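Since the structure comes first, as structure tokens, the remarks are kept for the end.
The values are calculated or read from the model by the stated rules, or taken from the named source; none is laboratory data. These numbers come from a predicted model, not from an experiment. Don't worry about glycine lacking a Cβ; one is built from the backbone with ideal geometry, like all the others, and counts go over all protein chains shown. Please note that ligands, DNA and RNA were not included when accessible areas were found on the heavy atoms of the full protein model with its side chains. Shrake-Rupley method; radii C 1.70, N 1.55, O 1.52, S 1.80 Å.
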Amino acid sequence: RQSLMRILFLDEIYKKILNTEGHIAEFGCKWGSNLALYTALRGIYEPYNHNRKVIAFDTFQGIKGSSKKDKLAIAKDGSYSTKKGHEKKLNEILNILESFCPIPNIKKHELIKGDVRKTLATFLKNNKHTVYSLIYLDMDLYAPTKYVLKKILPFTTKGSIIVFDESNWSAFPGPTL
């Protein structure tokens with residue numbers, strides 16, 4: 001039930017961005033299940049749109065540096081980490097998924113490893129031409145969520161959607177704040 005619920009949820013969100021130009025950016029992707037779904041949905045709904053990339057930012061080391069605003073109830077530093085080198089496996093998986101879609105010779109995903117407060121500014125500076133149709137925030141903490149919002153809002157457009165994975169959840173109050 002939960003897996004199907006997640007698929008249907010992301011399907012509804014994806015359909016809302018079909019008429020909005022821009023990339024999909026996920027902040028906090030962990031194992032990459034959403035990235036695989038975005039890739040599949042792009043192959044279904046817009047198989048020849050090679051301009052929409054799926055870009056993911058993650059440390060792959062789990063939560064780090066919670067503050068008083070976070071008051072984590074069910075997690076601590078290191079929670080939600082992946083195995084060492086997981087981002088390489090995830091990249092391979094996404095390459096395989098893209099190989100089943102039209103225009104497989106154009107890479108339509110990118111993984112950026114590291115603390116978003118160190119990687120996002122450089123990425124945006126090197127990609128000033130980019131807009132985002134979907135921004136998925138799943139970092140669980142106040143400080144990185146606030147940082148991303150401040151940095152990426154100028155790169156949104158009419159119709160862009162911002163999703164807070166932990167919105168209104170007492171176990172992770174930081175992103176809602």
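Within region 144-177, being modelled with pLDDT of 85 or more and small (Gly, Ala, Ser) holds for Gly159, Ser160.
Every residue, every condition in (1) on the phi < 0 side of the Ramachandran plot; (2) open to solvent by 60 Å² or more (accessible area, probe 1.4 Å); (3) at pLDDT 90 or above, yes or no:
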site: Asn34; (1), (2), (3): yes, no, yes
site: Ala40; (1), (2), (3): yes, no, yes
site: Tyr45; (1), (2), (3): yes, yes, yes
site: Arg52; (1), (2), (3): yes, no, yes
site: Ile63; (1), (2), (3): yes, no, no
site: Ser67; (1), (2), (3): yes, no, no
site: Leu72; (1), (2), (3): yes, no, no
site: Ala75; (1), (2), (3): yes, no, no
site: Tyr80; (1), (2), (3): no, yes, no
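Among residues of region 131-143 being over 12 Å from the mean Cα position of the chain (by Cα) and open to solvent by 10 Å² or more (accessible area, probe 1.4 Å), the one that is modelled with the highest pLDDT is Val131. Flag: Lys89 does not match the condition of being modelled with pLDDT of 90 or more, open to solvent by 10 Å² or more (accessible area, probe 1.4 Å), among the basic types (Lys, Arg) and touching a helix residue (DSSP H, G or I) at 6+ places or on another chain (Cβ under 7 Å).
Scanning region 1-32 for residues that are modelled with pLDDT of 95 or more, out of contact with any Gly (no Cβ under 6 Å at 6 or more places or on another chain) and open to solvent by less than 20 Å² (accessible area, probe 1.4 Å) yields a count of 9. Could you list, in sequence order, all residues of region 166-177 that are crowded, with 17+ Cβ neighbours inside 10 Å and either in contact with a Phe, Trp or Tyr (Cβ under 7 Å, 6 or more places away or on another chain) or part of a strand (DSSP E or B) (or both)? Correct list: Glu166, Gly174, Pro175. If you go through region 144-163 and keep only what is more than 22 Å from Glu21 (Cα to Cα) and open to solvent by 60 Å² or more (accessible area, probe 1.4 Å), you end up with just Lys146. Filtering region 1-32 to residues that are touching a residue at least 12 places away in the same chain (Cβ under 8 Å), charged (D, E, K, R) and under 18 Å from Asp165 (Cβ atoms) leaves Arg6, Asp11, Lys16, Glu26, Lys30.
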